[in-house]
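Q: Let me give you the structure first, and then I'll get to my questions.
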Amino acid sequence: MTYPTLYAICGVVLFGIGFYGTVFCRHLIRKVMAVNLMGAGVFLVMIALAARTPSGAPDPIPHAMVLTGIVVAVSATALMLALIRRLHHQTGLTELPDQMEH
Amino acid sequence: MDAEWAMTGLIMVPLAAAIVVYVTATRFVAAWGVAVAMLQTGLTFSLTRSILQSGPVQVPLGGWEAPLGIPLYADGISALMLIMTTLVGVTSTCYAAAYFSSLQRDPRRSSSQPSIQTFWPLWLILWSALNALFLSADVFNLYVTLELITISAVALIGLAGKAQALVAAIRYLFAALMGSLFYLLGVALLYSTYGTVSWHLLAETVQPDVLTWCAASLMIIGLLLKTALFPLHFWLPAAHANAPAPVSGLLSGLVLKASFFVILRLWFYVFHPVMPASAGWMLSVLGSAAILWGSIQAIRQQRVKLMIAYSTVAQVGYLFLVFGLACEPMGMLAWRGAAYLAFAHASAKAAAFMVAGSLMYMVGSDHLDRWEGIGRREPKLIFTLALAGVSLMGLPPSAGFIAKWLLLNAAIGHGRWEVAAVIVLGGLLAAVYVFRIIGVSLSSAVPMPEVAPVPRMMRWAPLVLAMAVIVGGIVTTEPIRLLEIGAPPIAAREVAP
Amino acid sequence: MTIHQWLPLLVIASSLIPGSIIFFLGEQQIKLRTALNLAGAVVKILLVAFMLWGVSINQDYQVRYGLVEGLDFALHADALSLLFVSLAAVLWLLTTIYAIGYLEDSPHRRRFFGFFSLCVTATTGLALASNLLTFLIFYEMLTLTTYPLVIHRGTPESLRAGRLYLLFALTGGAILLLAVVWLQTLVGPVEFSATGSLAQTDPALYGSLRLIFAMLIVGFGVKAALVPLHVWLPQAMVAPAPVSALLHAVAVVKAGAFGIVRIVYDVYGAEFCRQLGVMIPLALVAAVTILYGSLRAVYQEDLKRRLAFSTISQVSYIVLGTAIAGPLATTGGIVHLVHQGVMKITLFFAAGNLAETLGVKKVDQMRGSGRRMPVTMAAFTIAALGMIGIPPTAGFVSKWYLGIGAAQADQWWVIGVLVASSVLNAIYFLPLIYAAWFASPPDAWPDERPRGWFETSPALLFPPLITAVLTLLLGVLAGLPISALDWAKLIVLQEYAP
């Protein structure tokens, strides 16, 4: 097993943990962290896969993608936090209520 | 050259306008919106004409070729999606301009309502992202545009400010981000295998191996979450129903279509040769379930906006029927049907949500029992709702009818009687909830209700949109011809088990 | 495009355009609205008259417009469609005049007249449709445009009736849609042609074709109120009288019957239908409907409900004539399409007059009404006698042809059905006529509202008078070359052409 493969598997595991957290954690801040963990997992996979070229020199394109991904993740996190803060401010809730449709 | 400018403009004009109105915080922000809308109309028209005349267009942005540059690509289906976006976008812009200026003038409302200054930049970014998505030629770009769409759409829901809306927005945001990350993981796997993110190149090289299937599944699962295909629709009704009046229609009409369009692209242009027929079949089974479940839930609702939102769940189900029907000899019919239904649903649903928004503005609630007799006061709005309903039910003459006819033809042609039955039954169930609203609103059992005045534009914008749906059922030659330009090669495939 | 292509479109536009404009007028722009309505109706009659002349000298009016491949919107004025269009055009004018008088000062007239025109548009389109798809489009349009008319009053009762109507009509439409698409996948797009176009189909498909036939009949039978699909019709009586009149005489019920005629003759072909063995079941359904409708009518206390059950029975004469399938019976069935329309609209006009002027809604309140409203009741009497089939009315002509047609086809049981039904018709109409003319009027009418110099307002009085005279003329002058009967014979000549 090469290092890149190890990293990639690691990334997938992180992704899985993050997915579990996003679905099953109830506290909103935990959810935010879990989503970011998912993101980190994907980025790790991408970085690992940048070693795909036979020459050993890393492929720059996945790096560029990760950079873009980080930017997206940062803004999404900011939006999540802003919404959660506002919800907490209005209702005192730290978790999503089960039924809010009606 | 013409097409290149049009494509760039479609993305850059709203983006630039968004930045300008945000930075300058101009008072004439609605005027900016309307100006953008007019420009977009011209650009869409010019691009469509160019595609009709000379086929699909590929443009390396700024002259940079892939893999460094960001290529744009437009074929028939992108053009149809752009027309849809422009149609819904322009009417929504006019509607929103009237809505927000009316809110500002009314001191009792303005305190609790979203500020006009935040709506416009968000909507313009959303518009730009939608156009960029429909014009993307690589799968990573699709990711970026999907995220832009998600973030601006969630923020637009949050504008409503009420706790209900915030909860719905947060739930939507988590679901959508999860979907995006699944998609991104799939992109990473694809890139590692094939070394490209251009879907044209992927389509040429894609192989039926495990890694490709993993990538395809991850991407499509992520997109299903964003498109709210049953049973992943849990976030949709609350999010669409609790958004501000001008936003609901954009969400149901356009935002969902964006992720659906990505699925269409990936499935039919990239993965079609390597996907097992059973996978497509499973999607159409889920689609059928969505039609039935969404319609029944819509019938059970007491709030009109929730009803319309559940109707979206059902109509999304219709879109997914294509994946089980896209095989020879009727595959092209199904493909055209699904693409045209996306267009029909966008216009009809946006019109329905606008009507609901106007009436809610007048009555102060969207509870159906508060709407009793409202149609006697506001015949034009209810008439508009009925026109939109005609398309949702799939009755002639409407774009929805043409689309359902094509799907039904494909289903029966393949001997898929259960699908045909679901298509027809879904139309009948839609009639139940559409006519429930219309019946209540025409009731004379109560005295004519007193309502708050509403700007004229909030009556006309949805009517124009609903008329467009009807016209779309009569003038069909051009859109269908458009869909043949750059249509995917639906190769001879076995009918699914 | 030439005038020959424009004409069918213009006939449809002559009600579509006024109807659409009316929605955008103000509720109080009564003069303009009335002018538009009447102008549209008169123009339609003129256009139809021109087309009648053209078709009689073998002019071909048709237009075709492709929607999607295999999906053409096509109109064609053949003899059968013109028969139906003429009926619709003439009765639309009369009903519009009647409705203007009937709805004087009531609310939401803009909505009413708008949808009224659209409803006629759908009927005209249906008549002129030259393939199944176009027929289907207008058939569904008809459902949608009549719904607002049925629930016009907005009372809980009328909303309930509207729901029932939609339940039946839309389900029927859905079954129809399935059948049409299925047929199209089997044999390609189906155009209407005299003598039908399916006779050459591969015998392996006969099973499917039988099932499709059944589905088509169910789809049309809902509107034609074939038992047991008739449930919605008596409920729909809550609609205002002009709506009931139009529903029963031309628009909805007739559309269903017309559809069945089209299916049997112009899609399958009468000979092929017999070969498939679907004619006898259809005739039986029609016979059951005729007897059941008449029987139920006898027991109705409400005048409009009695007329509704009478319609159920009378419309099935058309289906019966179609299903017996000999030249003479077909003539009887097709001519009844016109004759029943004229007679039934007279009855509904008269019933509306009684309700509007005197407040008479029940049959036992009609005593002596002939003395108070002699013209209305004279019209009623003529039409009722026509329904029974007494010479020299129009009804006699239809029944005569049905009878000798049955004899010609050796279907003697049909004559039994006709006789039984006529007896039942007499049982539920004659006592009314007797009470109206020979019983003494009550001291006070339930809700008397005098209107003008005549027994009621002229707009309400003249339409039934005209249709009653037509009932007589159609019977007396049946032998003339311009009569409905003559035209029906022309149609039959084409349908049975070798």
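The values are calculated or read from the model by the stated rules, or taken from the named source; none is laboratory data. The structure presented is a predicted model; accordingly, all values stated were derived computationally and were not measured. Virtual Cβ from ideal backbone geometry, glycine too; neighbours counted across all protein chains shown.
Q: Can you tell me which condition A:PRO97 does not meet? The list is (1) part of a helix (DSSP H, G or I); (2) in contact with a helix residue (DSSP H, G or I) (Cβ under 8 Å, 6 or more places away or on another chain), and all the others hold.
A: Condition (1) is where A:PRO97 drops out.
Q: For residues in the stretch B:91-107 being touching a residue at least 24 places away in the same chain (Cβ under 8 Å) and among the polar types (S, T, N, Q), which is surrounded by the most Cβ atoms within 10 Å (Cβ to Cβ)?
A: Here the residue is B:SER92.
Q: Answer with yes or no whether B:ALA356 is touching a residue at least 60 places away in the same chain (Cβ under 8 Å), of a type in the set (A, V, I, L, M) and either buried (at least 24 other Cβ atoms within 10 Å of the Cβ) or touching a helix residue (DSSP H, G or I) at 6+ places or on another chain (Cβ under 8 Å) (or both). Full working, then the answer.
A: On the way: touching a residue at least 60 places away in the same chain (Cβ under 8 Å): yes; of a type in the set (A, V, I, L, M): yes; either buried (at least 24 other Cβ atoms within 10 Å of the Cβ) or touching a helix residue (DSSP H, G or I) at 6+ places or on another chain (Cβ under 8 Å) (or both): yes.
Here the answer is yes, as B:ALA356 does meet what is asked.
Q: Could you run through the stretch B:409-429 and say how many residues are farther than 19 Å from B:SER398 by Cβ, buried (at least 20 other Cβ atoms within 10 Å of the Cβ) and of a type outside the set (Gly, Ala, Ser)?
A: 5
Q: In addition: Quick one: which residue in B:VAL422, B:VAL363 is of a type outside the set (Gly, Ala, Ser) and modelled with pLDDT of 95 or more?
A: After ruling out the rest, the residue left standing is B:VAL422.
Q: Working carefully through the options C:ILE12, C:ILE57, C:ILE3, find the one that is of a type in the set (Val, Ile, Thr), without any contact (Cβ under 8 Å) to a residue 12 or more places away in the chain and under 27 Å from C:PRO189 (Cβ atoms).
A: Step by step, each of C:ILE12, C:ILE57, C:ILE3 is checked, and only C:ILE3 is of a type in the set (Val, Ile, Thr), without any contact (Cβ under 8 Å) to a residue 12 or more places away in the chain and under 27 Å from C:PRO189 (Cβ atoms).
To keep it simple, each residue is scored yes or no on (1) buried (at least 24 other Cβ atoms within 10 Å of the Cβ); (2) free of Cβ contacts under 8 Å to residues at least 60 places away in the same chain; (3) under 13 Å from the mean Cα position of the chain (by Cα); (4) within 18 Å of C:MET343 (Cα to Cα).
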site: C:ALA214; (1), (2), (3), (4): no, no, no, no
site: C:VAL218; (1), (2), (3), (4): no, yes, no, no
site: C:ALA224; (1), (2), (3), (4): yes, no, yes, yes
site: C:VAL227; (1), (2), (3), (4): no, no, no, no
site: C:HIS230; (1), (2), (3), (4): yes, no, no, no
site: C:ALA236; (1), (2), (3), (4): yes, no, no, no
site: C:VAL243; (1), (2), (3), (4): yes, no, yes, yes
site: C:VAL250; (1), (2), (3), (4): yes, no, yes, yes
site: C:VAL253; (1), (2), (3), (4): yes, no, yes, yes
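Q: If you don't mind, another one. Would you check which residues across the stretch C:291-316 are of a type outside the set (Val, Ile, Thr) and under 12 Å from the mean Cα position of the chain (by Cα) and list them?
A: C:GLN314, C:SER316
Q: Same structure, new question: Looking only at the stretch C:425-448, decide whether some residue is under 28 Å from C:PHE84 (Cα atoms) and under 20 Å from the mean Cα position of the chain (by Cα).
A: Yes, the stretch C:425-448 has at least one match.
Q: Here is a follow-up. Only one residue in B:LEU135, B:LEU166, B:LEU156 is in contact with a Leu (Cβ under 9 Å, 6 or more places away or on another chain), in contact (Cβ under 8 Å) with a residue 40 or more places away in the chain and either farther than 26 Å from B:MET275 by Cβ or within 10 Å of chain A (Cβ to nearest Cβ) (or both). Which one?
A: B:LEU156
Q: I'm trying to understand the selection: among the residues of the stretch A:73-92, which are part of a helix (DSSP H, G or I), more than 7 Å from chain B (Cβ to nearest Cβ) and surrounded by fewer than 16 Cβ atoms within 10 Å (Cβ to Cβ)? Can you show your working first?
A: So the first thing to find is which residues in the stretch A:73-92 are part of a helix (DSSP H, G or I), and the list is A:73-91.
Within this subset, residues satisfying the condition of being more than 7 Å from chain B (Cβ to nearest Cβ) are A:73-74, A:77-78, A:81-82, A:85, A:88-89.
Selection gives A:VAL74, A:ALA78, A:LEU81, A:ALA82, A:ARG85, A:HIS88, A:HIS89.
Q: May I pose another question? Restricted to the stretch B:444-468, and to residues that are among the small types (Gly, Ala, Ser) and surrounded by fewer than 19 Cβ atoms within 10 Å (Cβ to Cβ), which residue is farthest from the other protein chains (Cβ to nearest Cβ)?
A: B:ALA452
Q: Next question, about the same structure. Evaluate the stretch A:24-43: report whether one residue or more is of a type in the set (A, V, I, L, M, F, W, C), more than 7 Å from every other protein chain (Cβ to nearest Cβ) and within 30 Å of B:GLU65 (Cα to Cα).
A: Yes, the conditions are met somewhere in the stretch A:24-43.
Q: Of the residues C:ALA378, C:ALA406, which is crowded, with 24+ Cβ neighbours inside 10 Å and of a type in the set (A, V, I, L, M, F, W, C)?
A: C:ALA406
Q: Of the numbered conditions (1) within 11 Å of chain A (Cβ to nearest Cβ); (2) more than 18 Å from A:PHE15 (Cβ to Cβ), B:HIS233 fails exactly one; give the number of that condition.
A: (1)
Q: Can you go through B:LEU381, B:LEU387 and tell me which one is of a type outside the set (D, E, K, R), within 29 Å of B:SER288 (Cα to Cα) and modelled with pLDDT of 90 or more? Don't jump to the end; show me each part of the working.
A: On the way: B:LEU381 fails: within 29 Å of B:SER288 (Cα to Cα).
Answer to the check: B:LEU387.
Q: Being more than 14 Å from every other protein chain (Cβ to nearest Cβ) and at positive phi, is that true of even one residue in the stretch C:48-56?
A: Of the stretch C:48-56, the ones more than 14 Å from every other protein chain (Cβ to nearest Cβ) are C:48-56.
Remaining after also requiring at positive phi: none.
For the stretch C:48-56, residues more than 14 Å from every other protein chain (Cβ to nearest Cβ) and at positive phi: absent.
Q: For the stretch B:138-153, which residues satisfy the criterion of being over 19 Å from B:TRP199 (Cα atoms) and without any contact (Cβ under 8 Å) to a residue 60 or more places away in the chain?
A: B:LEU148, B:ILE151, B:SER152
Q: Right, another one. Answer yes or no: is there a residue in the stretch B:463-470 that is over 23 Å from B:GLY394 (Cα atoms) and out of contact with any Gly (no Cβ under 8 Å at 6 or more places or on another chain).
A: no
Q: Mind listing whichever residues of the stretch C:302-321 are within 18 Å of C:ALA161 (Cβ to Cβ) and either surrounded by 24 or more Cβ atoms within 10 Å (Cβ to Cβ) or touching a helix residue (DSSP H, G or I) at 6+ places or on another chain (Cβ under 6 Å) (or both)?
A: Across the stretch C:302-321, the qualifying residues are C:LEU303, C:LYS304, C:ARG305, C:ARG306, C:LEU307, C:ALA308, C:PHE309, C:THR311, C:ILE312.
Yes or no, residue by residue, for (1) buried (at least 22 other Cβ atoms within 10 Å of the Cβ); (2) within 12 Å of another protein chain (Cβ to nearest Cβ); (3) more than 20 Å from the chain's Cα centre (by Cα):
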residue: B:VAL187; (1), (2), (3): yes, yes, yes
residue: B:LEU202; (1), (2), (3): yes, no, yes
residue: B:GLN207; (1), (2), (3): no, no, yes
residue: B:TRP213; (1), (2), (3): no, no, yes
residue: B:LEU229; (1), (2), (3): yes, no, no
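Q: Here's something else I'd like to know. In the list B:ALA314, B:ALA241, which residue meets the criterion of being crowded, with 23+ Cβ neighbours inside 10 Å and in contact with a strand residue (DSSP E or B) (Cβ under 9 Å, 6 or more places away or on another chain)?
A: Exactly one residue qualifies, and that residue is B:ALA241.
Q: Let me ask something else about it. May I ask you to list the residues in the stretch C:376-409 that are in contact (Cβ under 8 Å) with a residue 60 or more places away in the chain and not in a helix (DSSP H, G or I)?
A: C:PRO391, C:PRO392, C:THR393, C:ALA409
Q: Can you go through C:ALA74, C:ALA79 and tell me which one is of a type outside the set (Asp, Glu) and at pLDDT 90 or above?
A: Going through C:ALA74, C:ALA79 in turn, the sole match is C:ALA74.
Q: Scan (1) touching a residue at least 24 places away in the same chain (Cβ under 8 Å); (2) more than 10 Å from chain B (Cβ to nearest Cβ); (3) surrounded by 14 or more Cβ atoms within 10 Å (Cβ to Cβ) for the single condition A:ILE70 breaks and write down its number.
A: (3)
Q: Quick one: how many residues across the stretch B:317-329 are over 14 Å from B:LEU429 (Cβ atoms) and surrounded by 24 or more Cβ atoms within 10 Å (Cβ to Cβ)?
A: Within the stretch B:317-329, the subset over 14 Å from B:LEU429 (Cβ atoms) is B:319-329.
Those left that are additionally surrounded by 24 or more Cβ atoms within 10 Å (Cβ to Cβ): B:319-326.
Residues in the stretch B:317-329 being over 14 Å from B:LEU429 (Cβ atoms) and surrounded by 24 or more Cβ atoms within 10 Å (Cβ to Cβ): 8 in total.
Q: Taking the stretch A:45-60, which residues are within 10 Å of chain B (Cβ to nearest Cβ) and either touching a helix residue (DSSP H, G or I) at 6+ places or on another chain (Cβ under 7 Å) or not in a helix (DSSP H, G or I) (or both)?
A: A:VAL45, A:MET46, A:ILE47, A:ALA48, A:LEU49, A:ALA50, A:ALA51, A:ARG52, A:THR53, A:ASP59, listed by residue number.
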